[in-house]
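Student: Mind having a look at this structure? Questions to follow.
The values are calculated or read from the model by the stated rules, or taken from the named source; none is laboratory data. These numbers come from a predicted model, not from an experiment. Cβ placement follows ideal geometry from the backbone for every residue including glycine, while neighbour counts extend to all protein chains displayed.
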Amino acid sequence: MKKLLTALCMFCVSGILYAQAQDSIQDQQVLDSVKEQAQEQAKKPVQTQNPTTAEKDENYLYVLAEEMPEFNGGIDSMHIFLNKNMDYKGIVKDKNTGDKVFVEFVVEKNGSLSNALVVRSSGNKTFDKEALRVVNKMPPWKPGLMSGNPVRTKLLIPIAFKITPKITEK
């Protein structure tokens, strides 16, 4: 009986680990796909009517910069900011939705964020709206740099919602 129970537990754990690995692979594939598309778009400057040299430089949008933009304090500080500012009131996870939202935005030359949009939805509109709200609330970042000069840079970040089920007392 103990062997059967042990085997059943091992089977369940391996299934969970397999599912987590598949989610991680799918997330990486989405990021790679968006990165490839962005690299293709980055080769072309943003078009304006009769642009002068200064306008071309102002509107050029990089996907890869020599120094990529960074949240002040680094990625750990960004996670702290997201966790502190995420409002879970009214957010209910159901079995048909994911828990990650991929948000794309532009870090401007002055570090401010613009043009935030959801590029991969979790399937839950409340998650998507909350992710956009929190990204738009972020303080200025360190801008991306090319040849030591700040440039407009497009970024993509995944935002995971950690929702735990409520435990009711019996």
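Student: Which pairs do you get when a residue that is on the phi > 0 side of the Ramachandran plot, found in segment 108-130, comes within reach of a residue that is surrounded by fewer than 13 Cβ atoms within 10 Å (Cβ to Cβ), reach meaning Cβ atoms under 7 angstrom, with the pair 6+ apart or on two chains?
Tutor: That search, which allows pairs on different chains as well, returns Gly123/Asn96.
Student: Considering each residue of segment 58-78, count those that are farther than 11 Å from Pro150 by Cα and at pLDDT below 90, and give that number.
Tutor: Within segment 58-78, residues that are farther than 11 Å from Pro150 by Cα and at pLDDT below 90 number 2.
Student: Out of the residues in segment 91-132 meeting the condition of being assigned to a loop (DSSP other than H, G, I, E, B), more than 30 Å from Tyr60 (Cβ to Cβ) and of a type in the set (Asp, Glu), tell me which one is modelled with the lowest pLDDT.
Tutor: So the residue we want is Asp94.
Student: Considering only segment 133-161, state which residues are of a type in the set (Phe, Trp, Tyr) and assigned to a strand (DSSP E or B).
Tutor: Matches in segment 133-161: none.
Student: Looking at segment 129-146 only, could you name the residues that are farther than 16 Å from Ser112 by Cβ, buried (at least 20 other Cβ atoms within 10 Å of the Cβ) and touching a strand residue (DSSP E or B) at 6+ places or on another chain (Cβ under 7 Å)?
Tutor: Ala131, the sole residue that qualifies.
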